[in-house]
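J.: Let me give you the structure first, and then I'll get to my questions.
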Amino acid sequence: MNGEDIATMRPGYRAQKIGLVAQSNEVTVDLDVQDYLTLGRAARLGLCALPGKHEYREIERVMNDMGVNHLRRKSLSCLSGGERQQIEIVRVLVQDTDVILMDEPTNHLDYGNQIKILNTIRHLCHRRKKTVVLTTHIPDHALLLGQTVAIVDAQGRLTTGPVADMLDEKRLQQMYHANIRIVQIDELHRRACVPSALEEDEQINPEEEEGAEGSHL
């Protein structure tokens, strides 16, 4: 990272440079949101130091900016999946790193919350000038974000480039072994990744089905 080997960085120093939003981050103690977010400041506090007024002002500023201040006194155990993922992103912002790694940040979220998280990622890149590296199994997410794409193929080779060059129909069909199309939707001003219709089931003769061994619904 910037010419430094992250493997040789001190853990505290590395935590000031790189933040992580995992797929799931189980907390074994029942904290409210504000107390949990103070953990994001740990790398910037001295050994055994307690968070002070500056830390709490920073947490409040980030919560207001991200629109989650109404959750500040809510227990982590009572958050929905979408709310929990938002709080994980806020925690990394409180950590105040230049680089944020996200491991499938929309995993386990409903469709509306997936879009909300993707909009949050764009906000981090364009308004907060963060470098976000995320993994995803959904090509349409990469098209929506519209940045640089890295693909790891079945042989472990890494290829990178602009999303328009990397996500073409031929490459996607080879990757997923499926009939996939990239279509332009003028009404939405964007390209979308669309699979073909599902295969039709073969028609079964009712008389044959009645005598078939082990047949069931």
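The values are calculated or read from the model by the stated rules, or taken from the named source; none is laboratory data. Not measured: the values here are computed from a predicted model. No Cβ is skipped: glycine too gets one built from the backbone with ideal geometry, and neighbour counts run over all protein chains shown. These accessible areas exclude ligands, DNA and RNA; they are computed on the full protein's heavy atoms, side chains included. Shrake-Rupley method; radii C 1.70, N 1.55, O 1.52, S 1.80 Å.
J.: If I model a spin label as a point 7 Å beyond the Cα along the Cα-Cβ vector, how far apart are those points for Cys48 and Ser77 in nm?
T.: Roughly 3.1 nm, to one decimal.
J.: Give me the net charge of Thr160's neighbourhood, meaning all other residues with Cβ under 14 Å from the Cβ of Thr160; Lys, Arg count +1, Asp, Glu -1.
T.: Summing Lys and Arg as +1 and Asp and Glu as -1 gives 0.
J.: Between beta-carbons, use under 15 Å as the cut-off and find the net charge around Glu4, counting Lys and Arg +1, Asp and Glu -1.
T.: +1
J.: Here's a follow-up. Suppose we keep just the DSSP beta bridges with both residues in the chain; what percent of those would be antiparallel, to 5?
T.: 55 percent
J.: Measuring from the lowest to the highest alpha carbon on each principal axis, how far does the stretch 38-179 reach, largest first, in angstroms?
T.: 55, 30, 26
J.: Let me ask something else about it. What number comes out for the charge environment of Ile87, summing +1 per Lys or Arg and -1 per Asp or Glu over other residues with Cβ under 15 Å away?
T.: -1
J.: If one computes the Cα centroid of the stretch 149-197 and of the stretch 72-100, what distance in Å separates the two points?
T.: Cα centres, the stretch 149-197 to the stretch 72-100: 30 Å.
J.: Still on this model: Between Lys129 and Ile151, what is the label-point separation in nm under the 7 Å Cα-to-beta-carbon projection?
T.: Simple spin-label model gives 3.3 nm for this pair.
J.: Taking only Cα atoms, what is the 0 to 90° angle, nearest 10, from helix 111-126's long axis to the longest principal axis of the chain?
T.: 50 degrees
J.: Pick out, from Gly67, Leu172, Leu45, the residue whose Cα sits farthest towards the positive end of the charge dipole of the stretch 39-188, with +1 on the Cβ of Lys and Arg and -1 on the Cβ of Asp and Glu.
T.: Comparing the listed Cα positions along the dipole, Leu45 ranks first.
J.: Now for a separate question. At a 1.4 Å probe, what is the % contribution of carbon and sulfur to the accessible area of the stretch 29-126?
T.: Carbon and sulfur: 52 percent of the exposed surface of the stretch 29-126.
J.: Roughly how tilted is helix 81-95, in degrees to the nearest 10 and between 0 and 90, from the longest Cα axis of the chain?
T.: 40 degrees
J.: With only Lys, Arg, Asp and Glu charged, each at its Cβ (+1 for the first two, -1 for the last two), find how big the charge dipole of the chain is about the Cα centre; round to the nearest 20 debye.
T.: 2320 debye
J.: Amide H to amide H, which residues 5 or more places from Asn179 or on other chains are under 5 Å from it, using H placed in the peptide plane?
T.: Ser196
J.: Here's a follow-up. Quick check on packing: order 151-157, 54-60 by the mean number of other C-beta atoms within 10 Å, highest mean leading.
T.: 54-60, 151-157
J.: Multiply the residue gap between Lys170 and Lys17 by 0.36 nm, knock off their C-alpha separation, and tell me the result in nm, one decimal place.
T.: Using 0.36 nm per residue and subtracting the Cα-Cα distance, I get 51.3 nm.
J.: Given a 1.4 Å probe, how much area per residue of the stretch 56-120 is accessible, in Å²?
T.: Ligands and nucleic acids excluded, the result is 46 Å² per residue.
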